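Please treat every number below as a calculation from the coordinates, not as lab data. Not measured: the values here are computed from a predicted model. Using ideal geometry, Cβ is built from the backbone for each residue, glycine included, and neighbour counts are taken over all protein chains shown.
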Amino acid sequence: MIRFFDILLSAIGLIILLPFFFLIAIAIKLSSKGPVFFLQKRVGKGNKDFFLIKFRTMYEDAEKKGLLTVGEKDPRITPIGFFLRKYKIDELPQLINVLKGEMSMVGPRPEVRRYVDLYTEEQKQILNYRPGITDLASIVYINESEILKKADNPEEYYINHIMPHKINLNLEYLKKPTIGKYFSIIFKTFFSIKPAD
């Protein structure tokens, strides 16, 4: 049943947002050199890699300077990128991943292989499920980049504190992923998106 709603919502979303996507594409191209979309290899269901699709919000080759975004004013982010990230608009192309069956609307946010390789056997249970565009952890850590900005070692803090807590939140949800919880998380995500002070 959840897969049915994934297909329905992603298809409707892509149809409605297509003109909006076109305008965003123009803004991205005018803002900086590089492609409109940013494809990043992430780990999905069954521990298999797939390419997650986002609107590009950083300058080219920004990944070479680190995988984590630290602070809202990360200098790697383009002018239009700040706006797209603030309102989570950069995540919308992942509706394509959902339609393809690589992701769900709700599920554990997919990590890069570097971090998945650090999972314990218990934590690897989340790889039995489709990753999602949003999850409870995304709501709890809506300002994750600002939290990391305050850490002495952002990556170490992410690996030892944030990542394990995110996984625990997801494992709790996955014990019984009902339709009610599915829509509850979607609505909570929508209402949690607001500009930073």
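Report the gain in length on full extension from residue 87 to residue 193: 0.36 nm times residue separation, minus Cα-Cα distance, nm rounded to one decimal.
Roughly 37.6 nm would be gained on extension.
Once you have the Cα-Cα distance between residue 2 and residue 160, take 0.36 nm times their residue separation minus that, and quote the gain in nm to one decimal.
That works out to 53.7 nm of additional length.
Above 25 angstrom, tally the Cα pairs of the chain and express them as a % of all pairs, no decimals. List each step's numbers first, then the result.
Details: 6760 of 19306 pairs.
More than 25 Å apart: 35 percent of the Cα pairs in the chain.
If eta is 0.692 mPa s and T is 37 °C, what Stokes-Einstein diffusion coefficient results for the range 76-161, Kirkwood Rh from Cα pairs, in µm²/s?
225 µm²/s
Which value, in debye to the nearest 20, gives the size of the charge dipole of the chain about its Cα centre, when Lys and Arg are +1 and Asp and Glu are -1 at the Cβ?
The calculated dipole for the chain is roughly 440 debye.
Structure shown: which of 45/166; 29/54; 54/100; 124/166; 48/124; 33/86 lie over 19 Å apart, alpha-carbon to alpha-carbon?
33/86
Rounded to the nearest 500 deg cm²/dmol, what is the calculated helix-only ellipticity per residue at 222 nm for the chain, with -39500 (n - 2.57) per DSSP H run of length n ≥ 4?
Helix-only estimate at 222 nm: -13500 deg cm²/dmol.
Distances over 12 Å make up what percent of all Cα-Cα pairs in the range 126-165? Intermediate results must be reported in sequence, preceding the final value.
Working: 500 of 780 pairs.
For the range 126-165, the fraction of Cα-Cα distances above 12 Å is 64 percent.
Using 0.36 nm per residue of separation minus the Cα-Cα distance, give me the extension gain between residue 15 and residue 186 in nm, one decimal.
Working: separation 171, 0.36 × 171 = 61.56 nm, distance 1.87 nm.
Taking 0.36 nm per residue and subtracting the Cα distance, the gain is 59.7 nm.
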